[in-house]
Amino acid sequence: MIKICKILKQIYNVDDYYIFSGWCGDSLTIVYKGKEPPKPLKTVDYQITGEYQYSKKYGKQFLVSDCKKIGKIKIHKFDRHNPIYLS
């Protein structure tokens, strides 16, 4: 699964295991394992590839297998009463 999101802040780090808070239209918990973690930047979007992982203790998390910086893309919200996209 591919998602385009903003990485807002780093929540946890031990050695090469990182947990980030992200936004891709809704809140997202991102788990990254590796030497080169993405940096939380306000103006940069990331394309992350991976799968969702569910646990009773931590809930729904997105386990990242690949991460790439792509620049700035505007994420829209959909209003069901008005079929025009809102910023």
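When only residues in segment 12-31 that are under 15 Å from residue 58 (Cα atoms) and surrounded by 13 or more Cβ atoms within 10 Å (Cβ to Cβ) count, which is modelled with the lowest pLDDT? The residue in question is 28. Number of residues in segment 24-69 that are out of contact with any Leu (no Cβ under 9 Å at 6 or more places or on another chain), more than 14 Å from residue 8 (Cβ to Cβ) and acidic (Asp, Glu): the value is 2.
Scanning segment 15-52 for residues that are farther than 12 Å from residue 65 by Cα, part of a strand (DSSP E or B) and in contact with a strand residue (DSSP E or B) (Cβ under 6 Å, 6 or more places away or on another chain) yields 17, 18, 19, 20, 21, 22, 23, 28, 29, 45, 46.
The values are calculated or read from the model by the stated rules, or taken from the named source; none is laboratory data. Here the structure is a predicted model, which means the values were calculated and not measured. Quick reminder, even Gly has a Cβ in these numbers, built from the backbone with ideal geometry, and neighbours come from all protein chains shown.
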